[in-house]
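I have a structure here, written as structure tokens, and I will follow up with some questions on it.
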Amino acid sequence: MLQHDDVLLKKTLLAITEETVREIVDTMLFIGVSAGHGIAKPTGIAHIAARAEASAIIGLNGGLNGGVRLACSNRVALILASALSGESYKTMSDDAKDGFAEVGNMIAGGIQTRLGERMPLGEINMTPPTVILGADYEVDYRSSFESIRYFFRVEDEPFYIEVYYLVDSKFSVTLDSSLFPKMERLRGRFGDSHSEVITRLVDLADQGGE
């Protein structure tokens, strides 16, 4: 996974999520959709997934490790599945679940494509969609996920798209040999904490001096 600016990534995800849902739900499924508001989870705050009666979850890995979740009521799931198939589903039958899963897959694919075009994250792969039904079912995610959530409405019913991902905390720093004398002086200020020393040296390198 390539390094990225997380603030820029969240802004990009919010923008492309709205674009993707409008294109797929409005233009391809011919259902009028209205966009509500998007929320980017502040860094450092635990990620908590909202409850929903129906969820279509598609995993992402490679350039972005996490997933996309289409979450809604059973009624919205049936509306979306019916629009895709041309059938009128009244219950969450196997065919209706397959249709709902495919809508989630289409949305995740649109987000994947747009993200690849706009940010250099490397290749992003998708897993087959998983459908989870049940008002009492809680989707368990890692609390360390970063995420955005965008709310929409169809036929006066709300639904939302959630994109969640892990931030790659691994990085490497190449220090110029001229910085080593500074490291020795800084060791006295920070004791034996090499991470503190390196952090300070990176700051110095960015500032061009002490």
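If you add up the charges near Ser82, with Lys and Arg at +1 and Asp and Glu at -1, over every other residue whose beta carbon is less than 15 angstrom from its beta carbon, what do you get?
Its environment carries a net charge of -4.
Return the sequence-ordered ³J(HN,Hα) values of the range 107-116 in whole Hz as given by the Karplus equation 6.51 cos²θ - 1.76 cosθ + 1.60 applied to θ = phi - 60°, using x for Gly and Pro.
Whole-Hz 3J(HN,Hα) from phi for the range 107-116: 5, 4, x, x, 5, 4, 5, 5, 5, x.
With unit charges on the beta carbon (Lys/Arg positive, Asp/Glu negative), name the residue among Asn61, Val103, Pro120 whose Cα is farthest towards the positive pole of the charge dipole of the range 6-165.
Pro120
Still on this structure: Give, in nm to one decimal, the length gained when the segment between Glu117 and Leu166 is fully stretched (0.36 nm per residue of separation minus the Cα-Cα distance).
Between Glu117 and Leu166, full extension yields 15.6 nm more.
In what sequence do Tyr164, Tyr89 fall when counting other Cβ within 10 Å, fewest first?
Tyr89, Tyr164
Starting at the first residue of the range 41-53, write each ³J(HN,Hα) from the Karplus equation 6.51 cos²θ - 1.76 cosθ + 1.60 with θ = phi - 60°, in whole Hz, x for Gly and Pro.
5, x, 4, x, 8, 4, 7, 10, 7, 6, 6, 7, 6
Additional query: Kindly put His37, His47 in sequence by how many other C-beta atoms sit within 10 Å of each C-beta, fewest to most.
Fewest to most other Cβ atoms nearby, the residues stand as His37, His47.
Quick note: the coordinates plus some simple rules give every number you see, no bench work behind them. Not measured: the values here are computed from a predicted model. Counting neighbours? That spans all protein chains shown, and the Cβs are built from the backbone with ideal geometry, glycine included.
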